[in-house]
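Each remark here refers to the structure printed beneath this line.
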Amino acid sequence: MKNKKIETIAVIPDGNRRWARSNLASISSAYSLGIDKFLDFSEWCYSYGIRNIVVWGLSTENTGRPKSELDALFSAYAKLLDDENTLRRLKEKDARLILVGERGLLPKNLLASFERLEKQTRNFKERKIFALFGYGGREDMMHIAGGIAKDSTKGKLPKRISESSFKKYLISKDVPDIDLVIRTSGELRLSGFMPWQAAYSELYFSKKYWPAFAKKDLDRAISDFLKRERRFGV
């Protein structure tokens, strides 16, 4: 069996709003719980020796949600990013935070908080957390087309485009290929998640809403992954 070790794991943390409805809780409390859950999730992953984590925090489609929901989400993220305990936990795990996506879609204060934490963790080398914000798979592909067209008019396009040179045009060019993608809440789709890096990812769908996702659920996902044979099209 090929490549049974997980170097890079991704999570689509779905179901926060449905968890709020089913638990008679506010949207803001669900988002806060879900965001805190991600830090726990990252530390569970480190116990398995996983070095790279990709989390889809906000898709381009999500930006069309009601302003009250977005405000609650942005407030919850800002609280986490500005908490000194967050930096401490990242430092303990030598984990670097990298923001991926259209940064202009984020409120200026939230973007400033992200970029501050990026700067504070940029010299951490053991692990990486790629936070997708203002990210969409189709937009990523369109970014490639725009970049190639721009370089073509400037005469900078290489005579032969390889996989590595093609990837440089991605918004998500720094994100490595993903071994395992986990999506919570029972939805059986990727919704445009990382079409390049997830081309040969193994997929695992959990029925748990993200705020209710526990370490035992991650254990099941990884156990299932280890039983699979990865052929990579061969």
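Under the 0.36 nm per residue contour assumption, what length would be gained going from the current alpha-carbon distance of residue 234 and residue 83 to full extension? Numbers along the way, then the final one.
Working: separation 151, 0.36 × 151 = 54.36 nm, distance 4.67 nm.
Result for the pair: 49.7 nm of gain on full extension.
Summing Lys, Arg as +1 and Asp, Glu as -1, what charge do residues with Cβ under 11 Å from the Cβ of residue 184 carry, residue 184 excluded? Let's see the in-between values first.
Values: positive: 18, 37, 183, 207, 208; negative: 14, 187, 217.
Taking every other residue near residue 184 into account, the sum is +2.
Name the residues whose placed amide hydrogens come within less than 5 Å of the amide hydrogen of residue 96, ignoring near sequence neighbours (fewer than 5 apart) on the same chain.
127, 128, 129
Report ³J(HN,Hα) in whole Hz for each residue of the range 193-200, in order, from the Karplus equation J = 6.51 cos²θ - 1.76 cosθ + 1.60 where θ = phi - 60°; Gly and Pro get x.
These are the phi-based 3J(HN,Hα) values: 6, 6, x, 7, 6, 9, 4, 10 Hz.
With +1 assigned to the C-beta of every Lys and Arg and -1 to the C-beta of every Asp and Glu, and no other charges, what is the dipole magnitude of the range 155-234 about the Cα centre in debye, to the nearest 20? Intermediate results must be reported in sequence, preceding the final value.
Details: 17 positive and 10 negative charges, 47 e Å.
Taking the Cα centre of the range 155-234 as origin, the dipole is about 220 debye.
In debye, nearest 20, what is the charge dipole magnitude of the range 30-92 about its Cα centre with +1 on Lys and Arg Cβ and -1 on Asp and Glu Cβ, if you could check?
Numbers: 8 positive and 10 negative charges, 26 e Å.
Here the size comes out at about 120 debye.
Neighbouring Cβ atoms within 10 Å as the yardstick, rank 100, 54 fewest first. Before the final figure, lay out the partial values.
Working: 100 23, 54 26.
In increasing order of surrounding Cβ atoms, one gets 100, 54.
Along the range 26-31, what does the Karplus equation 6.51 cos²θ - 1.76 cosθ + 1.60 (θ = phi - 60°) give for ³J(HN,Hα), rounded to whole Hz, x for Gly and Pro?
Rounded to whole hertz, the list is 7, 4, 4, 5, 5, 5.
About the Cα centre, and with charges only on the beta carbon of Lys, Arg (+1) and Asp, Glu (-1), how big is the dipole of the chain? Nearest 20 debye, please.
Charge dipole, the chain, about its Cα centre: 560 debye, nearest 20.
Which residues' amide hydrogens lie under 5 Å from the amide hydrogen of residue 206, considering only partners 5 or more residues apart or on another chain, with H built in the peptide plane?
183, 184, 185, 186
For n ≥ 4 DSSP H runs only, could you compute -39500 (n - 2.57) per run for the chain, divide by its residues and tell me the 222 nm figure to the nearest 500?
On the way: 8 runs with 100 residues, N = 234.
For the chain, the value works out to -13500 deg cm²/dmol.
Scan around residue 54 for amide H atoms under 5 Å from its own, H built in the peptide plane at 1.01 Å from N, and keep only partners 5 or more places away or cross-chain.
Answer set, sorted by chain and number: 9, 10, 11, 130.
Between the range 57-106 and the range 119-135, what is the separation of their alpha carbon centroids in Å?
Answer, in whole Å: 12.
Just want the answer: with Cβ charges of +1 for Lys and Arg and -1 for Asp and Glu, which residue in 32, 181, 105 is farthest toward the dipole's positive end in the chain?
Going by the charge dipole, the pick is 181.
Each residue of the range 182-190 in order: what ³J(HN,Hα) in whole Hz does its phi give by Karplus 6.51 cos²θ - 1.76 cosθ + 1.60, θ = phi - 60°, with x for Gly and Pro?
10, 10, 9, 5, x, 6, 9, 7, 9
Read-outs: derived from the displayed coordinates by stated rules, not from any lab. Note that the structure is predicted; figures quoted are calculated from it, not measured. Neighbour counts run over all protein chains shown; Cβ positions are idealised from the backbone, glycine included.
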